[in-house]
Amino acid sequence: MAKRIACVMTNLFEDSEYTEPANALREAGHAVETIEKESGVVVTGKQGETEVAIDYGIDEVKAEDYDALFIPGGFSPDILRADERFVEFSKHFMDENKPVFAICHGPQLLITAKALEGRTVTGYKSIAVDLEYAGVNFKDEEVVVCHNLVTSRQPDDLPAFNRESLKQLSN
C-alpha cells in the first residue's frame, strides 16, 4: 500500500542522501513530499549537483497527514533544528511510532526534538558524541533499526538504508 512520506529539507542537504532514498521510495510506489520553510522555493544540495523544488511550506502541512518521515543528511538537519516548527513536526513521528528514516546528520533534528533517549542509533561520526549525550546507544554500523527508526551513517550506507526504510513501510 502506498504511503505518504514527509521529507524535511533545506539548502546544503547531502545530494545522494536525498536523491537515492527518494528515488527508491517513489519506485516502490510511495509519495515523497518535500517540506521547507516555504513552498515553491528551490533548495540546492551541498555538492551543488541536485536542486529540489519544495512542495510545501512547514505551515501548510500537518504531521498527522503523513505515514512516515524522511530526513536527508548534510547541513540541512542542523539548519532545520533551529526552527521549532520542524522540531515539533519531527517529534510527532517519533511519539506516534511512525516510520522515521534519518541518515548522516539527520538524527540532529531528532536530538533537538528530545526523541532519541534510550534508542539504538547510528549517524555520521561527527555527531556520535552528540547522540551519546542525547542518551542513545550509538552503533558504528551501516544501518541500525530501532523500532520505527532507521538510521545510517553516510552515503556508502545508502543501499542498506533504502532496504530497511522500505521494509518499515511494508509493515
Residue by residue through segment 34-60, note down the ones that are open to solvent by 80 Å² or more (accessible area, probe 1.4 Å), charged (D, E, K, R) and not in a strand (DSSP E or B).
K37, E38, K46, E49, D59, E60
Could you please find all residues in segment 112-155 being hydroxyl-bearing (S, T, Y), out of contact with any strand residue (DSSP E or B) (no Cβ under 8 Å at 6 or more places or on another chain) and more than 17 Å from E17 (Cβ to Cβ)?
T112, Y133
How many of the residues in segment 4-25 are open to solvent by 30 Å² or more (accessible area, probe 1.4 Å), touching a strand residue (DSSP E or B) at 6+ places or on another chain (Cβ under 6 Å) and of a type in the set (D, E, K, R)?
1
Of the residues N171, N137, N148, N162, which is modelled with pLDDT under 95 and not basic (K, R)?
N171
Residues of segment 40-56 being within 11 Å of T10 (Cα to Cα) and in contact (Cβ under 8 Å) with a residue 12 or more places away in the chain, in sequence order, are V41, V42, V43, T44, G45, K46, V52, A53, I54
Write out, first by first residue and then by second, each pair whose Cβ atoms fall under 8 Å of each other, whose residues are 6+ apart or on separate chains, and whose first residue, in segment 108-135, is touching a residue at least 40 places away in the same chain (Cβ under 8 Å) while the second is of a type in the set (K, R) and surrounded by fewer than 21 Cβ atoms within 10 Å (Cβ to Cβ).
L109/R81
Looking only at segment 86-126, count how many residues are among the small types (G, A, S) and open to solvent by 30 Å² or more (accessible area, probe 1.4 Å).
2
Please work out which residue is surrounded by the fewest Cβ atoms within 10 Å (Cβ to Cβ), limiting yourself to segment 127-147 and to residues that are among the aliphatic types (A, V, I, L, M) and out of contact with any helix residue (DSSP H, G or I) (no Cβ under 7 Å at 6 or more places or on another chain).
V129
Which condition does S170 not pass, out of (1) under 18 Å from Q108 (Cβ atoms); (2) small (G, A, S); (3) surrounded by fewer than 20 Cβ atoms within 10 Å (Cβ to Cβ), if it passes all the others?
(1)
Report whether or not S152 is surrounded by 17 or more Cβ atoms within 10 Å (Cβ to Cβ), among the hydroxyl-bearing types (S, T, Y) and free of Cβ contacts under 8 Å to residues at least 60 places away in the same chain.
yes
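The values are calculated or read from the model by the stated rules, or taken from the named source; none is laboratory data. None of these values were measured; they are calculated from a predicted model. Positions of Cβ are generated from backbone atoms using ideal geometry, with glycine treated the same way; all protein chains shown enter the neighbour counts. Note: accessible area is taken over every heavy atom of the protein model, side chains too, but ligands, DNA and RNA are not part of it. Shrake-Rupley method; radii C 1.70, N 1.55, O 1.52, S 1.80 Å.
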